[in-house]
Amino acid sequence: HEQDDEMPKYKVSFPFLLRCVMTAALGSLLLGYDLGIISGAIVPIKEEFDLSGTQVEMLTASITLASILGSFIAGWVADRFGRKLGLMSASVIFLVGSVGMASSASYGILIAWRCFTGIGVGMGLVICPMYCAELAPRRMRGAMTSFNEMFINVGIPLAFLANVLLSGLPNDWRWMLLSGGVPALGLLITTCFLPESPRWLLKKGREAEARSI
């Protein structure tokens, strides 16, 4: 806790803190949403592209494998440009990836877009808890960072609901994958109104801004 002792004291109201943490946790919701949405989309995708069992497994796992790369990129982006811009970058990647997946004309293109989207997922999974932990007072960090895990689980039933509503429409799997852009767009817009992490501001020598939060 030596680093905590070196930080200037600042006060954050609980309602403000909760709003910031829940907004940032939307980045974790993206993973849960994809896990849920692909379960409904995979059957029509398999039929349209005549996929083998192995191809289905690769399609499902590709976003998770690509998230490993995203997690490595996330640390550099968050340290270089800030936690806030890192969250915005993750949301943009997921949003663009959702559009790309929905418009894919072949299995190979769909795999490529899922890998691209996975980078955004990996970035969100790293930066979201980082931001929450750095904004919350020490005594509340455990509770605040738990929102990230909770929102992963919230994303799954939301995706199931989207699957039910969209199933049976023409090109239903495309609409399912495109729907992932909705929470990503929500994250992008709401992150614009978040403060930057005070710890990151201090690392950059911007103490006055850190104290103003």
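Got a sec? Which helices (runs of 4 or more DSSP H) wholly within the range 172-213 have at least 1 residues that are under 15 Å from M22 (Cα atoms)?
Where helices (runs of 4 or more DSSP H) fall fully within the range 172-213 and carry at least 1 residues being under 15 Å from M22 (Cα atoms), they are 181-191.
Against the condition buried (at least 18 other Cβ atoms within 10 Å of the Cβ) and either among the charged types (D, E, K, R) or in a helix (DSSP H, G or I) (or both), how does L161 come out, does it pass?
no
Quick check on my filter: what residues within the range 13-43 are within 14 Å of A184 (Cβ to Cβ) and not in a helix (DSSP H, G or I)? Full working, then the answer.
As a first pass, look at the range 13-43 and keep what is within 14 Å of A184 (Cβ to Cβ): 23-34, 37.
A25 - this is the single residue of the range 13-43 that is within 14 Å of A184 (Cβ to Cβ) and not in a helix (DSSP H, G or I).
Considering only residues that are without any contact (Cβ under 8 Å) to a residue 24 or more places away in the chain and not charged (D, E, K, R), look in the range 73-93 and name the one that is farthest from T23 (Cα to Cα).
The residue in question is W76.
Give me the pairs: first residue in the range 175-197 and over 17 Å from F116 (Cα atoms) and in contact (Cβ under 8 Å) with a residue 12 or more places away in the chain, second residue aliphatic (A, V, I, L, M) and surrounded by fewer than 19 Cβ atoms within 10 Å (Cβ to Cβ), beta-carbon distance under 6 Å, and six or more apart or on different chains, which are they?
Matching pairs, first to second residue: W175/L169; P195/I213.
Does M150 satisfy the condition of being in a helix (DSSP H, G or I), surrounded by fewer than 22 Cβ atoms within 10 Å (Cβ to Cβ) and touching a residue at least 40 places away in the same chain (Cβ under 8 Å)? If you could, list the steps in order and put the result at the bottom.
Values: in a helix (DSSP H, G or I): yes; surrounded by fewer than 22 Cβ atoms within 10 Å (Cβ to Cβ): yes; touching a residue at least 40 places away in the same chain (Cβ under 8 Å): yes.
In short, yes.
Mind listing whichever residues of the range 129-155 are among the aromatic types (F, W, Y) and within 15 Å of L202 (Cβ to Cβ)?
Selection gives Y131 alone.
Tell me whether the range 16-25 contains one or more residues that are surrounded by fewer than 15 Cβ atoms within 10 Å (Cβ to Cβ) and out of contact with any Leu (no Cβ under 7 Å at 6 or more places or on another chain).
For the range 16-25, residues surrounded by fewer than 15 Cβ atoms within 10 Å (Cβ to Cβ) and out of contact with any Leu (no Cβ under 7 Å at 6 or more places or on another chain): present.
Output the residue which, of all residues in the range 63-111 that are among the hydroxyl-bearing types (S, T, Y) and either buried (at least 23 other Cβ atoms within 10 Å of the Cβ) or outside any loop (DSSP other than H, G, I, E, B) (or both), is modelled with the lowest pLDDT.
Filtering the range 63-111 for residues that are among the hydroxyl-bearing types (S, T, Y) and either buried (at least 23 other Cβ atoms within 10 Å of the Cβ) or outside any loop (DSSP other than H, G, I, E, B) (or both), the one modelled with the lowest pLDDT comes out as T64.
Would you tally the residues in the range 4-41 being modelled with pLDDT under 60 and either in contact with a Lys or Arg (Cβ under 8 Å, 6 or more places away or on another chain) or of a type in the set (D, E) (or both)?
6
Test of understanding: among L59, L31, which residue is crowded, with 22+ Cβ neighbours inside 10 Å, in contact (Cβ under 8 Å) with a residue 24 or more places away in the chain and within 20 Å of A159 (Cα to Cα)?
L31
Against the definition (surrounded by 17 or more Cβ atoms within 10 Å (Cβ to Cβ) and within 17 Å of the chain's Cα centre (by Cα)), how does G186 come out, yes or no?
no
The values are calculated or read from the model by the stated rules, or taken from the named source; none is laboratory data. Just so it is clear, the structure is predicted and the values come from calculations on it, not from any experiment. We place every Cβ from the backbone using ideal geometry, glycine too, and count neighbours over all the protein chains shown.
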